[in-house]
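A quick write-up on the structure given underneath.
The values are calculated or read from the model by the stated rules, or taken from the named source; none is laboratory data. The model shown is predicted, which means the values in this text are computed figures rather than measured ones. Reconstructed Cβ throughout: ideal geometry from the backbone, glycine too, with neighbour counts over all protein chains shown. Ligands, DNA and RNA are excluded from the accessible area calculation, which covers all protein heavy atoms including side chains. Shrake-Rupley method; radii C 1.70, N 1.55, O 1.52, S 1.80 Å.
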Amino acid sequence: LRGPADTRLCPALGDADVDAALALLRDAYWNTWPSDDELCRAHLGATAWVGARDASGRLVATARALSDGGKFALIYDVMVAAEYRQKGLGDALLRLLLGHPRLRHSARIWLRTRDAMDFY
C-alpha cells in the first residue's frame, strides 16, 4: 500500500517491528512510565497494529488499537517520525487503522490526547 512521502503502509506489524516502534515511542510523554518490556507486550497484544516504512524499509510510523469488535475501540501510541510529519502520513496511518477489520465495526472509537486535538 503506497503511503504519502514515498512510504509504504503496513496493515499488520509484529515481533520484528517491536524494537523500531519502541524507538519511535520511547520519548513520548505518555510512555514515561512503562518499561520496554511492558510497551513491547502492549504492542504485541494489540487488536490491530499498523505502521509505515520509508523507502529503505525503516519503520517511520506506528499506531495500535484495542477493540471488542462491536461497541468500543481505543487508539493508542500513534507516532510518526519527525521527518515525516506534516506530509499526510499520520492521516493515512489513522485511516488504515480505522479501516482495519478488527476495528471498522466499532460503534465508538476513543483516543485520549492532551496536545494533538487539532490533528485528530
**Message:** Please list, ordered by residue number, the strands (runs of 3 or more DSSP E) wholly in the stretch 1-103 having 2 or more residues that are open to solvent by 70 Å² or more (accessible area, probe 1.4 Å).
**Reply:** 72-80
**Asked** Is there any pair linking a residue in the stretch 3-25 that is β-branched (Val, Ile, Thr) to one that is in a loop (DSSP other than H, G, I, E, B), with Cβ under 9 Å and at least six apart or on different chains, and which?
**Response** Thr7/Asp54; Thr7/Ala55; Thr7/Lys87
**Complete:** With the first residue restricted to the stretch 46-70 and required to be farther than 23 Å from Ala5 by Cβ and acidic (Asp, Glu), and the second required to be in a loop (DSSP other than H, G, I, E, B) and open to solvent by less than 30 Å² (accessible area, probe 1.4 Å), Cβ contacts under 8 Å at 6 or more apart or on different chains are Asp68/Ser106
